[in-house]
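The values are calculated or read from the model by the stated rules, or taken from the named source; none is laboratory data. Since the structure is predicted, the reported quantities are computational estimates derived from the model, not experimental observations. Note: ideal-geometry Cβ built from the backbone for every residue, glycine included; neighbour counts use all protein chains shown.
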């Protein structure tokens, strides 16, 4: 088990007179027919990560499935297409929901369509709130990569190597990928969380390697839970670079704790969420 990284930020102690509004509202946009689990995992991780309120804005056809999974988060139905994916008509409703949010996450289970590509581009450019972009939000942005530097607020991009290659238009090996991530972050003024063994986090000026995590975390839904966790930490006042670093560390630590009990081969993404409380007690 890795020891605590002394360079990591810490969350402030919770005041005795705190209420749910004290710890921010996470708005997580995603979910589509066949991929409801991704946004559920992100929502559960945001709850376990300490956000005061969590709202999942999802395709209307998926609402009941997602709402029925967990009573602790709120849900909002968005206009969708015949295939159960959020449509571009959802833009006005998302902007309305964002007015009461602290941090937005975009991408888990979103799906792909030209309509979604346009919606993601508009939200990325227009919303001034901090935003964590993952999964199909990154794939949507990769269709128009010049937009990456045109954003209205702080942006955290969390690509795995394949998504990163699509974003930059080139498949880099090993250390060259990290150099490219550093360049992308600096040029576009974003935070890049390059996921993988020893996940690399950079804002273009600073960079950091993670020391937690294990091969058992290479499983569907793991990245969605990381998205929710980073979102929750940013909701509680950490600046995006620090929220990304602490989120990556805690996520890996929860995976290590789960693997110690369950083994790497049997590890699934919901196990990571289940062990987040124990990881947070060790660190925060």
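Before moving on, here are some points about what is shown:
- In region 165-187, the qualifying residues are those that are closer than 21 Å to residue 214 by Cβ and modelled with pLDDT of 95 or more, and the one that is surrounded by the most Cβ atoms within 10 Å (Cβ to Cβ) is 177.
- In a residue-by-residue description of region 121-135, the property of being more than 15 Å from residue 154 (Cβ to Cβ), touching a helix residue (DSSP H, G or I) at 6+ places or on another chain (Cβ under 6 Å) and free of Cβ contacts under 8 Å to residues at least 24 places away in the same chain applies to no position.
- For region 2-28, filtering for residues that are over 30 Å from residue 260 (Cα atoms), part of a loop (DSSP other than H, G, I, E, B) and in contact with a strand residue (DSSP E or B) (Cβ under 9 Å, 6 or more places away or on another chain) leaves 1.
Matching residues to (1) over 13 Å from the mean Cα position of the chain (by Cα); (2) under 22 Å from residue 39 (Cα atoms); (3) at pLDDT below 95:
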position	(1), (2), (3)
189	yes, no, no
194	no, yes, no
202	yes, no, no
206	yes, no, no
209	yes, no, no
214	yes, no, no
217	yes, yes, no
224	no, yes, no
229	no, yes, no
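- Qualifying residue in region 165-176 (condition: in a loop (DSSP other than H, G, I, E, B), touching a residue at least 40 places away in the same chain (Cβ under 8 Å) and in contact with a helix residue (DSSP H, G or I) (Cβ under 7 Å, 6 or more places away or on another chain)): no
- Some residue of region 231-242 being without any contact (Cβ under 8 Å) to a residue 60 or more places away in the chain, in contact with a helix residue (DSSP H, G or I) (Cβ under 8 Å, 6 or more places away or on another chain) and within 26 Å of residue 36 (Cβ to Cβ): no
- Of all residues in region 146-163 being without any contact (Cβ under 8 Å) to a residue 40 or more places away in the chain and assigned to a helix (DSSP H, G or I), the one that is nearest to the chain's Cα centre (by Cα): 163
- All conditions in (1) touching a strand residue (DSSP E or B) at 6+ places or on another chain (Cβ under 8 Å); (2) surrounded by 23 or more Cβ atoms within 10 Å (Cβ to Cβ) hold for residue 250, with the sole exception of (1).
- Take the conditions (1) surrounded by fewer than 19 Cβ atoms within 10 Å (Cβ to Cβ); (2) at pLDDT 95 or above; residue 134 misses just one of them, which is (1).
- Considering region 77-100, the residues that are over 22 Å from residue 148 (Cα atoms) and in contact (Cβ under 8 Å) with a residue 60 or more places away in the chain include one that is surrounded by the most Cβ atoms within 10 Å (Cβ to Cβ), namely 97.
- Elements of type helices (runs of 4 or more DSSP H) contained in region 63-145, each with 2 or more residues being under 19 Å from the mean Cα position of the chain (by Cα): 91-98, 114-126, 136-141
- Some residue of region 253-273 being out of contact with any helix residue (DSSP H, G or I) (no Cβ under 9 Å at 6 or more places or on another chain), closer than 23 Å to residue 131 by Cα and surrounded by fewer than 24 Cβ atoms within 10 Å (Cβ to Cβ): no
- Tally of residues being in a strand (DSSP E or B), buried (at least 24 other Cβ atoms within 10 Å of the Cβ) and touching a residue at least 40 places away in the same chain (Cβ under 8 Å) across region 41-57: 2
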